[in-house]
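Take a look at the structure below.
Any read-out appearing in this document is the output of simple, stated calculations on the displayed coordinates, not a laboratory observation. Just so it is clear, the model here is predicted, and its values are computed rather than measured. So basically every Cβ, Gly included, is an ideal-geometry build from the backbone, and we count neighbours across all protein chains shown.
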Amino acid sequence: MSTPFSTPFLSAFLPDLALLVLALVVLTTEIVFRKHQARWTARVAVAGLAAVLILLAALPLPSGGVAYAGYQVTRSVVVWKQLFALATLATILLSRSYFRNGHSLRGALANPGAFYGLLLFSTTGMFALVSARDLLTFYIGLELATLPLYALTALQPRNAGSIEAGSKYMLMGAFASALSLFGISFLYGAAGSLGFDALAKVASAQPSLSAQPFLLAGVLMLLGSLGFKLAMVPFQMWAPDVYEGAPTAVTAFLSTGSKAAAVAATTTLFLGPLNLPRIDLGAIFALAAVLSLLAGTLGAMRQSNLRRFIAYSSIAQAGYMLMAFTGGEGSEAAARIALQYNLLVYGTASFALFFVVSLVGRSAPETIPSLRGLSARSPALAALLALSLFSLIGIPPLAGFLGKFLLFAVAARNGHYTLIFIGALAVALSFYYYMRLLKEAYQPVQTAENRGAPASAVPLSPIRLSLAGKCAAALLAILLVVLGTCPGMLNFIASR
Amino acid sequence: MRDVLFYLLCAVMLGFAVIAVTSRNLFRAVLAFAGVILGTVILFFALGAEMTALAQILVYIGGVMIFVLYAVFLTSGEEVGMPKPSVAKIIFALIVAAIPLSLIAGLALRAGCTFPVAGEALQSPIASLESIGLRLLNPGADGFLVPFELISVLLLAAMVGAIAIATREKEAETADGILTEKQEDAS
């Protein structure tokens with residue numbers, strides 16, 4: 001244990017404290033700036049998050065990590081936090097235009113201070129979640145990460161769908177958190193302490209689960225509640241409705257940041273103190289993976305609404321990521337790396353997809369037919385869409401291929417070849433539903449000239465990107481290619 | 001004597017629970033539910049778990065019950081009666097109730113009706129208010145200082161979210177009004 005204000009203490013806690021202060025500052029920015037509040041609030045938030053990212057990358061960390069009052073920071077924890085901060089940063093950049101009128105058919109967002117403040121509070125919760133060393137910190141972190149999201153989902157003014165989605169999400173979330181509390185109370189009964197060390201000791205006792213009913217009940221309940229956050233079958237039913245109703249930027253955050261937090265929470269518990277119960281329950285993880293792949297794939301095929309489509313595709317992605325939890329003993333480090341890499345890649349591709357959706361959504365409903373003629377309206381945007389979809393499918397040399405390969409490799413170590421076969425089948429099927437988007441984008445539009453009649457309600461004016469938009473599109477495209485072709489670069493960044 | 005009181009209290013709680021579920025009058029059902037919670041509070045006091053009992057009163061009777069009553073009055077108005085549920089609904093509800101019941105009963109049976117306490121829970125079966133407070137503010141390895149501080153952030157986030165949702169419409173309308181005026185000017 002380190003004492004307050006010593007160097008290792010500061011190096012471990014400074015990013016988290018900075019993020020918390022940033023959230024409070026952003027909340028009050030509205031008071032300082034009378035004009036262009038949304039713009040200034042976003043600028044402050046972006047600058048602050050950049051500072052947090054620099055702190056996370058630059059501060060020295062002892063090789064064993066630092067621990068203080070149930071809070072710990074290790075190298076792997078820092079990587080998680082970088083992922084969360086990046087997702088929040090991208091969400092803020094994506095959300096800026098939604099505060100201006102006429103940039104979305106669904107109406108403009110109001111209350112930038114509350115919007116960005118809540119987003120940063122949620123990120124603070126994610127930071128606490130991965131640093132937890134006892135179940136209490138873990139639970140509070142999980143709540144702090146999800147509670148602001150309920151409010152953010154309901155923040156779209158005068159949109160009944162948004163309010164409905166928010167209340168649905170909150171009810172489901174309340175059920176999930178009651179389930180996790182119930183599970184935690186069982187684990188406390190089994191271990192006699194809330195600490196992860198005591199829990200690991202009890203979980204590693206032989207014979208493990210069959211002789212300890214309290215441990216089994218607690219583990220199953222916690223898995224169920226984390227399944228809600230992961231959108232894993234059979235707890236996935238909230239995802240399409242919430243993804244559809246939430247403001248676009250919030251949907252993007254739900255499918256990247258919040259998904260990363262759910263995976264990180266599952267990793268913290270099930271690749272940490274509950275590692276042995278996870279191996280005993282490998283069949284349940286494999287079954288959940290298969291069912292999620294099935295539900296996501298079949299659901300995505302039938303959607304014409306882009307947000308619902310993304311929701312089902314994210315359920316399928318949860319299925320792929322669950323495969324990393326089916327590895328045997330000794331696969332923990334590989335699983336963690338596979339998940340972190342996969343989330344980075346999936347997040348990049350998702351943001352590229354949302355970037356396109358947000359531009360198309362300015363003048364048309366966010367549906368798949370609205371993408372028609374995108375290649376004529378903006379060739380660069382259509383190319384970015386293609387890159388992102390190819391990466392989501394997992395076509396080499398794009399980043400998604402390596403992500404899926406690493407996940408499958410973890411499952412292969414334990415001989416789960418049936419699972420891998422089903423996973424490969426899901427990849428093949430995903431070709432179909434992702435290609436539907438691309439087909440629309442590259443289909444030649446039957447224009448009014450050669451038909452002699454108005455072609456459709458879809459406006460076909462060219463989409464012009466601002467300089468910032470061009471930079472973002474270029475950056476996303478470069479990341480999708482570079483992450484896949486030279487992933488060793490990440491290693492260089494992580495080792496500093 | 002103690003045993004008799006315990007079983008008497010349990011019988012009263014079960015009676016309240018049955019009323020809460022079967023009563024067609026919403027208001028009566030809510031009051032009966034409050035009775036169940038009060039019974040739990042007495043049980044906790046009898047066990048010497050004063051902190052849990054106090055929290056139960058504060059959170060459930062002070063907070064949750066009031067909310068439920070508000071919700072009942074705001075939504076139902078004069079009519080507090082509920083229609084009779086269909087047989088299918090009753091069967092479904094019984095199945096849903098049977099799942100947690102069987103889980104808990106199964107656990108109790110497998111554990112031989114004894115709760116296997118371990119570690120620090122064995123040394124002090126029930127924590128006093130004082131020790132809970134000290135533990136919450138202890139920055140040591142077994143303290144809960146960080147989650148304790150995080151709870152205040154959580155409450156702040158909840159408050160900000162609630163205010164943002166509540167004030168949203170008015171601000172949106174004014175902002176919209178200004179902009180539509182501008183657009184009209186432009187056109």
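Looking at the range B:1-46, which trypsin sites (Lys or Arg not before Pro) are in a loop (DSSP not H, G, I, E or B) and have at most 12 other Cβ atoms within 10 Å?
Passing both the DSSP loop test and the Cβ count: B:R24.
If I take every Cα pair under 8 Å that is 6 or more residues apart in chain A, average their sequence separation and divide by the length, what percent do I get for the relative contact order?
Relative CO of chain A lands at 12 percent.
Using a Förster radius of 51 Å, what is the FRET efficiency between B:I90 and A:V46 based on their Cβ-Cβ separation? Nearest 0.05, please.
0.40
Amide H to amide H, which residues 5 or more places from A:T367 or on other chains are under 5 Å from it, using H placed in the peptide plane?
Distant-sequence amide H within range of A:T367: A:L306.
Quick check for me: using +1 on Lys/Arg Cβ and -1 on Asp/Glu Cβ, what's the dipole size of the protein assembly as shown about its Cα centre, in debye to the nearest 20?
Here the protein assembly as shown has a charge dipole of around 1540 debye.
Order A:234-246, B:147-159 from most to least packed using the mean count of other Cβ atoms within 10 Å.
Taking the mean over residues of other Cβ atoms within 10 Å, the ranking is A:234-246, B:147-159.
Can you list the lysines whose alpha carbon sits under 24 Å from that of A:K35, skipping same-chain ones fewer than 8 residues off?
Cross-link targets: B:K170, B:K182.
Determine the distance separating the Cα centre of the range A:265-283 from the Cα centre of the range A:378-395; give it in Å without decimals.
Distance between centres, Cα-based: 35 Å.
List the pairs from A:K81/A:K229; A:K229/A:K404; A:K229/A:K439 whose alpha-carbon separation is above 23 Å, in the order I gave them.
A:K229/A:K439
How much net charge surrounds A:L343 when only the other residues with a Cβ under 13 Å from the Cβ of A:L343 are counted, with Lys and Arg +1 and Asp and Glu -1?
Once positives and negatives cancel, what remains is +4.
Under a point spin-label approximation (7 Å from Cα along Cα-to-Cβ), what is the A:N305-A:E329 distance to one decimal in nm?
4.8
Would you kindly calculate the mean projected area, averaged across all directions, of the convex hull enclosing the Cα atoms of the protein assembly as shown, in square nanometres?
Seen from a random direction, the Cα hull of the protein assembly as shown projects 34.3 nm² on average.
What ranking do A:38-45, A:140-147 get when scored by the average of other Cβ atoms within 10 Å per residue, highest first?
Per-residue mean Cβ counts within 10 Å order the peptides as A:140-147, A:38-45.
In nanometres, what is the gap between the two model label sites at A:A160 and A:R34, each 7 Å from Cα along Cα-to-Cβ?
So the two model labels end up 4.0 nm from each other.
Considering amide H positions built from the backbone, and no H for Pro or chain starts, which residues 5 or more places from A:D134, or on another chain, come under 5 Å of its amide H?
Under 5 Å from the amide H of A:D134 lie the amide H atoms of A:F196, each far enough along the sequence or on another chain.
Within 10 Å of each Cβ in A:160-169, how many Cβ atoms from other chains are there, averaged over the peptide?
1
Could you give the size of the charge dipole of the range A:191-297 about its Cα centre, using +1 on the Cβ of each K and R and -1 on the Cβ of each D and E, expressed in debye and rounded to the nearest 20?
140
What does the charge add up to near A:N414, with Lys and Arg as +1, Asp and Glu as -1, over the other residues with Cβ less than 14 Å from its Cβ?
Net of charged neighbours comes to -1.
Which one, A:S76, A:N342, A:S391, is farthest towards the positive end of the dipole of chain A when Lys and Arg carry +1 and Asp and Glu -1 on their Cβ?
The residue sitting most towards the positive pole is A:S391.
Mind checking the mean number of beta-carbon atoms from other chains within 10 Å of the Cβ atoms in B:151-159?
The mean count of partner-chain Cβ atoms within 10 Å per residue comes to 6.
At 222 nm, what helix-only mean residue ellipticity would chain A give, in deg cm²/dmol to the nearest 500, using -39500 (n - 2.57) for each DSSP H run of four or more?
Calculated mean residue ellipticity at 222 nm is -24000 deg cm²/dmol.
Apply the a/c threshold of 1.5 to the C-alpha gyration tensor of the range A:32-168 and tell me whether it is rounded, prolate or oblate.
Oblate, since a/c reaches 1.5 and b/c is not below a/b.
At 7 Å along the Cα-to-beta-carbon direction for both B:V18 and A:D197, put a label point, then send me their distance in nm to one decimal.
5.1
What ranking, highest mean first, results for peptides B:41-53, A:61-73, A:102-114, A:221-233 when packing means the other Cβ atoms within 10 Å averaged over each residue?
Highest-to-lowest ranking by the protection proxy: A:221-233, A:102-114, A:61-73, B:41-53.
So what's the net charge close to A:A318: Lys and Arg +1, Asp and Glu -1, counting the other residues with Cβ under 14 Å from its Cβ?
Residues near A:A318 contribute +3 overall.
Output wanted: per-residue J couplings in Hz (rounded whole) for the range B:141-149, from phi through Karplus 6.51 cos²θ - 1.76 cosθ + 1.60, θ = phi - 60°, x for Gly and Pro.
So the J values, rounded to whole Hz, are 5, 9, x, 10, 5, 5, x, 4, 5.
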